[in-house]
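Undergrad: What follows is a single structure, and I will ask about it in a moment.
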Amino acid sequence: MTSKTVLLAEDDASIRLIVNQTLVSAGYTVRATSSPEALERWIQNGEGDVAVTDVYLTDTPIFELLPSFRLGRPDLPIIVMSGQNTILTAASAAQHGVFGYLPKPFDIDQLVDLVDRALKGLAKTKPTASSAGSSLPLTGRSEPMQEVYRIISKVMSTDLTVLIEGESGTGKELAARAIHDLGNHSSGTFCSLDLAAMPTDQVNRDLFGTAEISGLAHQPDATLYLDEIGDLPAEAQTQLVKLMREEGGARIIASTRQPLSTLVDAGTFREDLYYRINVVRIDMPPLRRRKEDIPELVQAFLIRAERRGLSEKQVDSAAMDLMTAYDWPGNVRELENLIFRLAALSPDIAITQRDIEREIRAESLKELASKASFESEVETLLHRYVMADLLKGTEDGGRIHQEVLERVERPLIRLALSVTSGNKLRTAALLGVNRNTLRARINALGMDKGD
């Protein structure tokens with residue numbers, strides 16, 4: 001049984017009780033309070049071996065009290081918990097040198113493990129002198145975004161190379177800018193290169209320079225963001241490997257919409273460059289995996305549109321429900337474009353469900369306008385995701401056609417159901433099929449079981 005004492009400060013009585021009982025069961029002595037003044041008094045009196053505190057015990061964030069805590073107890077490990085789960089909170093925690101940051105809700109075992117590690121002196125976060133900006137680009141409090149924030153808070157004040165993977169429109173460049181703006185490199189230049197849109201000679205010139213001009217990769221105070229690193233030409237890959245073996249160049253943050261590991265397997269991307277870039281990886285979640293963030297994103301985009309001179313708009317509940325149900329293949333960028341378009345063109349102050357339906361349908365039709373382009377996209381998907389697996393089972397015979405149809409039909413029906421908020425009559429009309437036929441296909445595809 002340990003004699004270590006945990007100082008616990010939490011204004012929510014139920015959370016305070018659960019955490020208190022759990023820590024006591026783990027063998028710790030716990031002193032609990034809801035008062036920041038009591039916490040400060042205990043710390044200044046030399047009590048406690050580790051402090052666990054909520055960020056907002058009052059309207060004043062605990063971060064404003066940390067300097068006084070540090071004066072008397074510079075080595076006291078402090079763990080902060082917060083329900084205000086934004087990137088600014090995670091960044092502030094890292095910048096104030098706290099041992100650990102836990103966004104609520106969290107697994108209670110995580111807290112116990114963090115307390116154990118704090119008392120053993122493991123993996124302590126070092127404080128930094130940089131200060132966070134007041135305007136931050138990443139929005140969302142969902143669990144997938146909390147993981148993004150946690151990683152950013154760990155790497156922003158280091159020189160580590162970061163690889164950001166994710167679909168188009170998920171905010172990869174915003175994450176890169178957050179790492180730069182919140183960390184030690186914020187006083188330097190943020191340079192962004194879209195490698196997919198640049199000819200080879202321009203890539204070499206901008207990255208590595210010429211006899212007369214120094215390249216961006218050689219600037220020691222810069223953060224160099226390489227978008228679509230998978231499109232880097234072979235010659236430039238070789239040069240970048242040589243440059244990264246040396247010290248003193250720009251900090252590199254790279255991103256890709258397709259996993260680099262698959263390009264390495266295909267022989268189009270150097271394996272040694274992959275391992276040099278993939279030091280820390282951030283996976284940006286698609287919007288369909290963090291739909292609880294959609295209302296907050298919508299409000300942020302409405303405010304941004306108003307600041308740019310567009311009319312003030314509101315979103316009615318049915319419209320918000322539809323946007324939350326929709327899967328957003330273009331991710332956050334698609335949602336932002338839709339909100340800005342409606343803010344500019346809608347004559348009414350309220351954005352309705354019919355407005356959203358019209359815009360989603362128009363975008364879908366626009367993408368299907370070119371039959372050749374659509375067929376090309378389907379063919380690419382078949383080769384990438386379907387045919388390889390299906391051809392392995394050709395001995396069974398006769399299933400390839402049916403398997404492909406089912407893989408296309410299932411997401412089509414799912415999308416139509418989301419657009420109509422689950423109304424099967426309207427879904428059948430939208431798809432141009434009989435209601436009974438739709439019901440039969442839903443059952444046959446197993447979609448009635450939550451698929």
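Undergrad: At 0.36 nm per residue, minus the direct Cα-Cα distance, what do Ser68 and Ala211 gain on full extension? Give it in nm, one decimal, please.
TA: Computed gain between Ser68 and Ala211 is 46.2 nm.
Undergrad: Here's another thing I want to ask about it. Which of (1) 1.02; (2) 1.04; (3) 1.33 is the computed Rg/Rh (Cα atoms, Kirkwood Rh) for the structure on display?
TA: Answer by label: (1).
Undergrad: Using label points projected 7 Å from each Cα along Cα→Cβ, tell me how many nm separate Arg308 and Val404, to one decimal.
TA: Between Arg308 and Val404, the label points sit 4.1 nm apart.
Undergrad: Let me ask something additional. If you fit an axis through the alpha-carbon atoms of helix 172-182 and take the longest principal axis of the Cα set of the chain, what angle between them do you get, 0 to 90°, nearest 10?
TA: The angle comes out near 20 degrees.
Undergrad: May I ask you to sort Ile400, Ile151 by Cβ crowding, counting other Cβ atoms within 10 Å and putting the fewest first?
TA: Ile400, Ile151
Undergrad: Round to the nearest 0.05 the FRET efficiency obtained for Ser421 and Lys104 when R0 = 22 Å and r is the Cβ-Cβ distance.
TA: Calculated transfer efficiency: 0.10.
Undergrad: For Val30, what residues show an amide H to amide H distance below 5 Å, using hydrogens built from the backbone and excluding near sequence neighbours?
TA: Val6
Undergrad: For every other residue with a beta carbon closer than 15 angstrom to the beta carbon of Asp59, add +1 if it is Lys or Arg and -1 if Asp or Glu, then tell me the sum.
TA: Once positives and negatives cancel, what remains is -4.
Undergrad: Work out, step by step, the length gained on full extension between Leu160 and Ser25: first 0.36 nm times the residue separation, then minus their alpha carbon distance; give nm to one decimal.
TA: Using 0.36 nm per residue and subtracting the Cα-Cα distance, I get 44.7 nm.
Undergrad: Hey, what angle do you get for helix 435-444 against the long axis of the chain, alpha-carbon based, 0 to 90 degrees rounded to 10?
TA: 60 degrees
Undergrad: While we're looking at this one, here's another question. Please determine, in degrees from 0 to 90 and to the nearest 10, the orientation of helix 331-345 with respect to the longest principal axis defined by the Cα atoms of the chain, where the helix direction is its Cα long axis.
TA: The answer is roughly 80 degrees.
Undergrad: So, one more: Checking the table Lys172/Lys242; Lys313/Lys424; Lys104/Lys313; Lys104/Lys291 against a 24 Å threshold on Cα-Cα, which pairs fail?
TA: Over 24 Å apart, Cα to Cα: Lys172/Lys242; Lys313/Lys424; Lys104/Lys313.
Undergrad: Could I ask something else about it? Find out how many positive minus negative residues lie around Thr437, taking Lys and Arg as positive, Asp and Glu as negative, among other residues whose Cβ is under 14 Å from that of Thr437.
TA: For residues surrounding Thr437, the net value is +3.
Undergrad: Between Asp265 and Ala196, what FRET efficiency comes out of the Förster formula 1/(1 + (r/R0)^6) with R0 = 22 Å and r the beta carbon distance, rounded to 0.05?
TA: 0.65
Undergrad: So if I place +1 on the C-beta of Lys and Arg and -1 on the C-beta of Asp and Glu, and nothing else carries charge, what would the dipole magnitude of the stretch 5-120 be about its Cα centre? I want it in debye, nearest 20.
TA: So the magnitude is around 220 debye.
Undergrad: Here is a follow-up. Explain nothing, just the number: relative contact order of the chain, from Cα pairs under 8 Å at least 6 residues apart, as a whole percent.
TA: Reported as a whole number, the value is 10 percent.
Undergrad: Determine the sum of side-chain charges near Gly27: Lys and Arg each +1, Asp and Glu each -1, restricted to other residues whose C-beta is under 13 angstrom from that of Gly27.
TA: Neighbour charge sum, excluding Gly27 itself: -1.
Undergrad: Let me have the relative contact order for the stretch 143-285, percent, based on Cα pairs under 8 Å that are six or more residues apart.
TA: 37 percent
Undergrad: Ok, one more. Need one number: nm distance between label points at Val433 and Ala300, each 7 Å from Cα along Cα→Cβ, rounded to one decimal.
TA: That separation, rounded to one decimal, is 3.7 nm.
Undergrad: Further, regarding this structure: For the pair Arg354/Asp327, report the inter-label distance in nm, with labels modelled 7 Å from Cα in the Cβ direction.
TA: If labels sit at Arg354 and Asp327, their model points lie 2.8 nm apart.
Undergrad: Give me the percent of DSSP beta bridges within the chain that run antiparallel, rounded to the nearest 5.
TA: In the chain, DSSP labels about 5 percent of beta bridges as antiparallel.
Undergrad: Which FRET efficiency, nearest 0.05, do Arg41 and His218 yield, Cβ-Cβ r, R0 30 Å?
TA: In this case the efficiency is close to 0.05.
Undergrad: What ³J(HN,Hα) values, in whole Hz, does the Karplus curve 6.51 cos²θ - 1.76 cosθ + 1.60 give for the stretch 57-62 when θ = phi - 60°, with x put for Gly and Pro?
TA: In residue order, the calculated couplings are 7, 9, 5, 8, x, 4 Hz.
Values in this text are rule-based calculations from the coordinates and carry no lab data. In this text the structure is predicted, and so the values were computed from the model without any measurement. So basically every Cβ, Gly included, is an ideal-geometry build from the backbone, and we count neighbours across all protein chains shown.
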